[in-house]
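The values are calculated or read from the model by the stated rules, or taken from the named source; none is laboratory data. Please read all numbers here as calculations on a predicted model, not as lab measurements. Cβ placement follows ideal geometry from the backbone for every residue including glycine, while neighbour counts extend to all protein chains displayed.
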Amino acid sequence: MARLANKIALITGAGSGIGQSSALLFAKEGATVVVNDLDAVKAEETVRLIEQSGGEAIFIGADVTNPEQVAEMVEAIKARYNRIDILFNNAGISGVGVLHEIEPEAWDRVINVNIRGVFLPSKYVLPLMMEQRSGSIINMSSCIAEIGLAKRASYAATKGAVLALTKSMQVDYAPYNIRVNALLPGTILTPFVENYLRTSYDDPEIAIASLKTRQLSGDLGRPDDVAQAALFLASDEAKFMMGSPLYIDGGVTFGKNA
Ligand SMILES: NC(=O)c1ccc[n+]([C@@H]2O[C@H](COP(=O)([O-])OP(=O)(O)OC[C@H]3O[C@@H](n4cnc5c(N)ncnc54)[C@H](O)[C@@H]3O)[C@@H](O)[C@H]2O)c1
């Protein structure tokens, strides 16, 4: 029996990286996946990959920071499927820089996408889940919510906020049989990280080698490592997971490498 059989899953930012990997895995496990992204071309590619392997998916574009667009997206899903079992709030952007050098506009952009982008899809999906009296919401935090990391002030602030939000949401919606958990990945090799390495280091290969030494695993994570954790939280097997941070970080948060 597929682990997500008959479930409708909405994944934001599913055109790339962890979101795309999760969309493919969720579909493989029987879910019908609503692929959301700002980038229609990348999202359509995710849908194509899912359909190619025999799964079911549709693309619905929306900017997760825009209330009208998010509300319309949820209405469209309601009209088509009349339920949402899984909401994976994955879309996010990076923010690099030490605090005194961050421009207010850049700060606001990171806060907006990474926090408002969790608030809005949750706000519009929750009434449907409350009506169903079931649902699993997975919020994308990061292990940076727990550890200090150089030049990531705005990004760290957002991921800490998402973790706090997850716990409060869980308390409020537990009576409706809705689970809300957070993923805390370490460094996962996705376009997001590749772009950061390209723009922040003269030699990205040296940067990757140095990042690897920070991991107890000796290597960086891959999108599928996080997708597997998301699959667990999405599935009924995680029925006793509530308000929990789930680390997928190669030991960075709790381990000390030498
Ligand atoms: N890669 C890592 O090392 C890492 C570690 C911890 C947490 N994360 C988090 O995981 C999530 C996914 O990261 P990734 O590495 O796969 O990134 P990615 O850049 O590969 O994918 C993110 C996707 O989100 C989409 N997106 C951005 N803004 C959006 C918006 N306003 N509305 C809708 N879609 C939008 C982008 O178009 C992109 O397709 C992010 O929240 C990120 O902060 C990543």
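Can you find a residue in the stretch 68-84 that is within 18 Å of the chain's Cα centre (by Cα), aliphatic (A, V, I, L, M), at pLDDT 95 or above and within 24 Å of Ala2 (Cβ to Cβ)? If you could, list the steps in order and put the result at the bottom.
Quick first cut of the stretch 68-84, residues within 18 Å of the chain's Cα centre (by Cα) only: 70, 73-74, 84.
Of the ones still in play, those that are also aliphatic (A, V, I, L, M) are 70, 73-74, 84.
Then drop every residue that is not at pLDDT 95 or above, which leaves 70, 73-74, 84.
So of that shortlist, the ones also within 24 Å of Ala2 (Cβ to Cβ) come out as 84.
Checked the stretch 68-84: at least one residue is within 18 Å of the chain's Cα centre (by Cα), aliphatic (A, V, I, L, M), at pLDDT 95 or above and within 24 Å of Ala2 (Cβ to Cβ).
Out of Leu87, Leu120, Leu126, which single residue is away from the ligand (no atom under 16 Å from the Cβ), closer than 16 Å to Val64 by Cα and either crowded, with 18+ Cβ neighbours inside 10 Å or modelled with pLDDT of 95 or more (or both)?
Working: Leu87 fails: away from the ligand (no atom under 16 Å from the Cβ); Leu120 fails: away from the ligand (no atom under 16 Å from the Cβ).
From the options Leu87, Leu120, Leu126, the qualifying one is Leu126.
Out of the residues in the stretch 25-46 meeting the condition of being within 13 Å of the ligand (Cβ to nearest atom), free of Cβ contacts under 8 Å to residues at least 40 places away in the same chain and among the aliphatic types (A, V, I, L, M), tell me which one is nearest to Ile86 (Cα to Cα).
Restricting attention to the stretch 25-46, the residues satisfying the condition of being within 13 Å of the ligand (Cβ to nearest atom) are 34-46.
Adding the requirement that they be free of Cβ contacts under 8 Å to residues at least 40 places away in the same chain leaves 35, 39-46.
Subsequent filtering for residues that are among the aliphatic types (A, V, I, L, M) retains 35, 40-41, 43.
On the way: Val35: 12, Ala40: 21, Val41: 23, Ala43: 18 Å.
Of everything passing the filter in the stretch 25-46, Val35 is nearest to Ile86 (Cα to Cα).
Taking the stretch 138-178 on its own, how many of its residues are at pLDDT 95 or above, charged (D, E, K, R) and away from the ligand (no atom under 12 Å from the Cβ)?
Residues flagged as at pLDDT 95 or above, charged (D, E, K, R) and away from the ligand (no atom under 12 Å from the Cβ) within the stretch 138-178 amount to 2.
Filter the stretch 1-22 for residues that are under 15 Å from Ala62 (Cβ atoms) and more than 8 Å from the ligand (Cβ to nearest atom); which is nearest to the chain's Cα centre (by Cα)?
Of the stretch 1-22, the ones under 15 Å from Ala62 (Cβ atoms) are 10-15, 19.
Next cut, more than 8 Å from the ligand (Cβ to nearest atom) only: 10-11.
On the way: Leu10: 11, Ile11: 8 Å.
Across the stretch 1-22, the extreme among qualifying residues is Ile11.
For the stretch 213-233, which residues satisfy the criterion of being in contact with a Ser or Thr (Cβ under 9 Å, 6 or more places away or on another chain) and over 21 Å from Ser16 (Cβ atoms)?
Of everything in the stretch 213-233, those that are in contact with a Ser or Thr (Cβ under 9 Å, 6 or more places away or on another chain) and over 21 Å from Ser16 (Cβ atoms) turn out to be Arg214, Gln215.
With a cut-off of at least 1 residues that are aromatic (Phe, Trp, Tyr) and within 23 Å of Gly95 (Cβ to Cβ), name the helices (runs of 4 or more DSSP H) lying wholly within the stretch 171-258.
Details: elements: 191-200, 204-214, 223-234.
Hits in the stretch 171-258: 191-200.
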